[in-house]
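This report concerns only the one structure given below.
The values are calculated or read from the model by the stated rules, or taken from the named source; none is laboratory data. From a predicted model like this one, the values you see are computed outputs, not experimental measurements. Cβ: placed from backbone, ideal geometry, glycine included. Neighbour counts: every protein chain shown. SASA here: full protein model, heavy atoms, side chains in, ligands and nucleic acids out. Shrake-Rupley method; radii C 1.70, N 1.55, O 1.52, S 1.80 Å.
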Amino acid sequence: MKKTFRNSFLALCAVASVGFGLTSCDNNKGADTTTEAPGTESAMTDTLATMPNDSSRMGKPEGVLVDGVPMTPDKSIVQNAVMAPSVSTLVKAVQAAGLDGTLSGPGPFTVFAPTNAAFDKLPKGALAGLMKPESKEKLKGVLTYHVIQGRLLAADLKDGQELTTMNGEKVKISVQGGKVMISNGKDAPVTVQTADVVSSNGVTHIIDGVLLPTAQ
């Protein structure tokens, strides 16, 4: 019995000595001495060099691409928006209305964000008029009509659903052929072009038109 145990112990020591360069076994004394098997350091260096690098997983979280720029969930709605050239008009309008602080707050918010091209569809001079200092409250009313309190992903938006905006008025949701559209109930609906742009304080859906409150 002792012989079998001793043989097993010696076999294990041999494996450890060759595989890890940590231990050699004295057959007579059973003592451990530190040794390094030939080529062990080189083999371990090669092994480390071929191990997958996890640094990419430790970097910034991935996000939805807008204009080729990742909108990442570690940034606020405003921080992501300023990185996307196609919504620069909206960013300027938000700043002019003094809403950038609000939309940088904890929220959460759901923002339907018109593109620059969407603003270009407004009647001539309409945007310039809204951007005037004396029109600040009116501009704020238009912009808050695009904001919902709470975090709503595309999957949460249902056909026939009505949402109350931060303006106090409602918008209507319709879903057709997989496309999500939003309407003030009077004008033609606008369509979500890019959905689920997740930020730290909510979610943005980029739309192809400007929603005008019926009271405007």
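So the values come out like this:
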read-out: Enumeration of residues in segment 165-190 that are within 26 Å of the chain's Cα centre (by Cα) and among the hydroxyl-bearing types (Ser, Thr, Tyr); value: THR165, SER174
read-out: Subset of segment 66-91 (residues that are farther than 17 Å from ILE207 by Cβ, open to solvent by 40 Å² or more (accessible area, probe 1.4 Å) and in a helix (DSSP H, G or I)); value: GLN79
read-out: Sole exception among (1) in contact (Cβ under 8 Å) with a residue 24 or more places away in the chain; (2) more than 12 Å from VAL203 (Cα to Cα); (3) crowded, with 18+ Cβ neighbours inside 10 Å for LYS121, by number; value: (3)
read-out: Segment 135-164, residues that are more than 18 Å from ALA188 (Cα to Cα) and assigned to a strand (DSSP E or B); value: VAL147, ILE148, GLN149, THR164
read-out: Matching residues in segment 191-216 - criterion: being in a strand (DSSP E or B), over 28 Å from GLU137 (Cβ atoms) and either under 21 Å from the mean Cα position of the chain (by Cα) or without any contact (Cβ under 8 Å) to a residue 12 or more places away in the chain (or both); value: GLN193, THR194, ALA195, ASP196, VAL198
read-out: All positions within segment 94-128 that are of a type in the set (Asp, Glu) and farther than 25 Å from GLY150 by Cβ; value: ASP120
